[in-house]
1. Tally up the residues in segment 61-88 that are over 26 Å from LEU32 (Cα atoms) and of a type in the set (A, V, I, L, M, F, W, C), please.
2. Inside segment 65-77, can you point out the residues that are under 18 Å from GLY18 (Cα atoms) and either small (Gly, Ala, Ser) or touching a His at 6+ places or on another chain (Cβ under 9 Å) (or both)?
3. Considering segment 110-165 alone, what residues qualify as being in a loop (DSSP other than H, G, I, E, B), closer than 30 Å to PRO49 by Cα and among the charged types (D, E, K, R)?
4. What tally of residues in segment 6-48 results from selecting those that are among the aliphatic types (A, V, I, L, M), part of a strand (DSSP E or B) and more than 18 Å from GLY108 (Cβ to Cβ)?
5. Taking into account only those residues within segment 75-87 that are hydrophobic (A, V, I, L, M, F, W, C) and outside any strand (DSSP E or B), which is nearest to the chain's Cα centre (by Cα)?
6. If you check every pair at least six apart or on different chains, which have Cβ atoms under 9 Å apart with a residue in segment 10-30 that is without any contact (Cβ under 8 Å) to a residue 60 or more places away in the chain and farther than 30 Å from GLU57 by Cα first and a residue that is assigned to a loop (DSSP other than H, G, I, E, B) and hydrophobic (A, V, I, L, M, F, W, C) second?
7. Tell me which residues, restricted to segment 88-109, are in a helix (DSSP H, G or I) and buried (at least 20 other Cβ atoms within 10 Å of the Cβ).
8. Would you call LEU43 touching a helix residue (DSSP H, G or I) at 6+ places or on another chain (Cβ under 6 Å) and at pLDDT 95 or above?
Amino acid sequence: MTGPITIGVSIAVPEPYGQAIQDARAGYGDPLARSIPTHVTLLPPTEVPAGSLPEVERHLAAAAAGQRPFRLLLHGSGTFRPVSPVVFLRVEAGARECRLAEAAVRSGLLARELSFPYHPHVTVAHAVGEEALDRAYAELKGYHADFGVSGFSLYRFGADEVWRPLRAFPFGRAERARDTR
């Protein structure tokens, strides 16, 4: 395959939090809830030539090698309204580390402009009605999840419009990246 593919890079939210957040997202009527694993984005959907995947993986391995494991605390809800119809879980601790990882990932061959300044978060409702956004915001005000982050993953957007992990990149150990295909 030599045509373009769409990739993304993110920090996965582990279980039991990932599934619970995905279930909540579905409950708010978000049509993308089941096609997007629960995550903190480091590189938004980006089109690359399929043939460049080995070079992308080398870049990501090097980016991960320069990072250190950290704790991530999700606490409470936030919103990007009125600019964007999104309600999210706030990254209370670990935001600095997410920004460092995002800058390392979104450099070199993956350098690109963003539509909005980078703001680490976990989406829980997107492109749903105002009532659902209000409900998500109110119901998740007291949300709390605390977990360790030891790396990030490369995802590919499939023909079925589902995001799937291709490869995990552990922090500080580029030579031990794990293929998840």
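1. Pass one, segment 61-88, residues over 26 Å from LEU32 (Cα atoms): 61-71.
Restricting the remaining residues to those that are of a type in the set (A, V, I, L, M, F, W, C) gives 61-65, 70.
The total comes to 6.
2. Result: LEU73, LEU74, HIS75, GLY76, SER77.
3. Keep residues of segment 110-165 that are in a loop (DSSP other than H, G, I, E, B), which gives 111-120, 127-129, 140-143, 150, 158-162.
Then keep just the ones that are closer than 30 Å to PRO49 by Cα; that gives 111-120, 127, 150, 158-162.
Result: ARG112, GLU113, ASP160, GLU161.
4. The first filter runs over segment 6-48 and keeps only residues among the aliphatic types (A, V, I, L, M), leaving 7, 9, 11-13, 20-21, 24, 26, 32-33, 36, 40, 42-43, 48.
Checking the rest, the ones that are also part of a strand (DSSP E or B) come to 7, 9, 11-12, 40, 42-43, 48.
Still in the list and also more than 18 Å from GLY108 (Cβ to Cβ): 11-12, 40.
The qualifying residues number 3.
5. First pass over segment 75-87, keeping only residues hydrophobic (A, V, I, L, M, F, W, C): 80, 83, 86-87.
Filter once more, so that each one left must be outside any strand (DSSP E or B): 80, 83.
Details: PHE80: 16, VAL83: 20 Å.
Among residues in segment 75-87 that are hydrophobic (A, V, I, L, M, F, W, C) and outside any strand (DSSP E or B), the one nearest to the chain's Cα centre (by Cα) is PHE80.
6. Listed pairs, sorted by first residue: ASP23/ALA33; ALA26/ALA33; GLY27/ALA33.
7. Going through segment 88-109, the residues in a helix (DSSP H, G or I) turn out to be 95-105, 108-109.
Those that are in a helix (DSSP H, G or I) and buried (at least 20 other Cβ atoms within 10 Å of the Cβ): GLU97, CYS98, ALA101, GLU102, ALA104, VAL105.
8. On the way: touching a helix residue (DSSP H, G or I) at 6+ places or on another chain (Cβ under 6 Å): yes; at pLDDT 95 or above: yes.
Answer is yes for this residue.
The values are calculated or read from the model by the stated rules, or taken from the named source; none is laboratory data. Since the structure is predicted, the reported quantities are computational estimates derived from the model, not experimental observations. FYI the Cβ positions are ideal-geometry reconstructions off the backbone, even for glycines, and counts take in every protein chain you see.
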